[in-house]
Amino acid sequence: MKALSARLVGEFKLEIDFSDHTQGLFDAASYLSSHSGPLLDKLRDASYFSRYFIDAGALCWPNGLEISPAKVHELAVWRTNKDPFLALIGSGNRRNSTDQIMSMTRGDDRSP
């Protein structure tokens, strides 16, 4: 799994899209309150924190800090499946999922 993109959505909060079609909110303030070290200390400055970027699927900063996508995914405050079709297929009820997908493509609101 990789982080594909990230957006700053609040102070020390990043919304991250992952390659498994999930999206999570990473609350770095919470993470930083329980972790320390020379690379992490710079992230406590909001302007420095905002210099994040994605490199090879990891969440990174210019000082060389990388947080693996698996770790960020694990720490995410919430997760959603961004693709409604994948969410339905993943529900385990194939017949119900197919009916819902057909209903969505027709544009009606009927739920099985």
Those residues of region 24-48 which are in contact (Cβ under 8 Å) with a residue 40 or more places away in the chain and of a type in the set (A, V, I, L, M, F, W, C), in sequence order:
Leu25, Phe26
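Residue by residue, here is whether (1) loosely packed, with under 14 Cβ neighbours inside 10 Å; (2) of a type in the set (Phe, Trp, Tyr); (3) modelled with pLDDT of 90 or more holds:
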residue: Gly10; (1), (2), (3): yes, no, no
residue: Lys13; (1), (2), (3): no, no, yes
residue: Asp17; (1), (2), (3): no, no, yes
residue: Phe53; (1), (2), (3): yes, yes, yes
residue: His73; (1), (2), (3): no, no, no
residue: Ala76; (1), (2), (3): no, no, no
residue: Asn81; (1), (2), (3): no, no, no
residue: Leu88; (1), (2), (3): no, no, no
Of the conditions (1) assigned to a strand (DSSP E or B); (2) touching a residue at least 60 places away in the same chain (Cβ under 8 Å), the single one that Arg7 does not satisfy is (2)
Between a first residue in region 53-67 that is over 15 Å from Ala28 (Cα atoms) and a second residue that is part of a strand (DSSP E or B) and of a type in the set (Asp, Glu), which pairs have beta carbons less than 9 Å apart while being 6 or more apart in sequence or on different chains?
Asp55/Glu66; Ala56/Glu66
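The values are calculated or read from the model by the stated rules, or taken from the named source; none is laboratory data. What you see is a predicted model, and the numbers here were worked out from it, not measured in a lab. For neighbour counting, all protein chains shown are included, and Cβ atoms are generated from backbone atoms with ideal geometry for every residue, glycine included.
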